[in-house]
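Heads up, the thing below is written out as structure tokens.
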């Protein structure tokens, strides 16, 4: 290839390589706003990354008591806390005795399931996905039966303080992890 054609070819090649690197997005990055407000509960899976300390970086499922097991620290209560609150708690616990200035990140890897029961074709538990609406949750459960009420759904939702609250929501409302959606039978 002569020198006159080589320069434009190399420039084009560099441009394509740079464009390809911008187009690639890291997979499965949750919305920051959602994780900032989302409170952890039993069956959530979180990842703890302690920068510069590979032995302390772990992935853990929150147990039924709301705890996770962390190297050096043992059982740590995380239920009802956001990932930012857990990161601050772990940093405080590691600081001093174990690390001088711990830098860590906590993220949700897998949300706890939501459940659909009542007048749907395939009731059961399903993996939660951010942005899920009640209508989409019903579709995941196989759709409505012929006798199902299609207007408003009864939803049993976990409360931050503990316990559950049952509310009536329109089909366009969003689902939260751990929700139990009850599709009632229609009388008309």
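Packing around the peptides 177-183, 87-93, taken as the average count of other Cβ atoms within 10 Å per residue, puts them in this order, highest first: 177-183, 87-93.
Let me know the shape class of the range 60-99, please: from the alpha-carbon gyration tensor, a ≥ b ≥ c as square roots of the eigenvalues, rounded when a/c is under 1.5, otherwise prolate if a/b is greater than b/c, or oblate.
In terms of gyration-tensor shape, oblate.
Once C-alpha pairs closer than 8 Å and six or more residues apart are averaged by separation and normalised to the residue number of the range 32-110, the relative contact order reads 37 percent.
In plain terms, if you count all Cα to Cα distances in the range 34-188 and split them into 10 Å steps from zero, the share in each step is 11, 36, 25, 16, 9, 3, 0 percent.
Computed from the coordinates by the stated procedures, all read-outs in this text should not be read as laboratory data. Keep in mind it's a predicted model, so treat the numbers as computed, not measured. We place every Cβ from the backbone using ideal geometry, glycine too, and count neighbours over all the protein chains shown.
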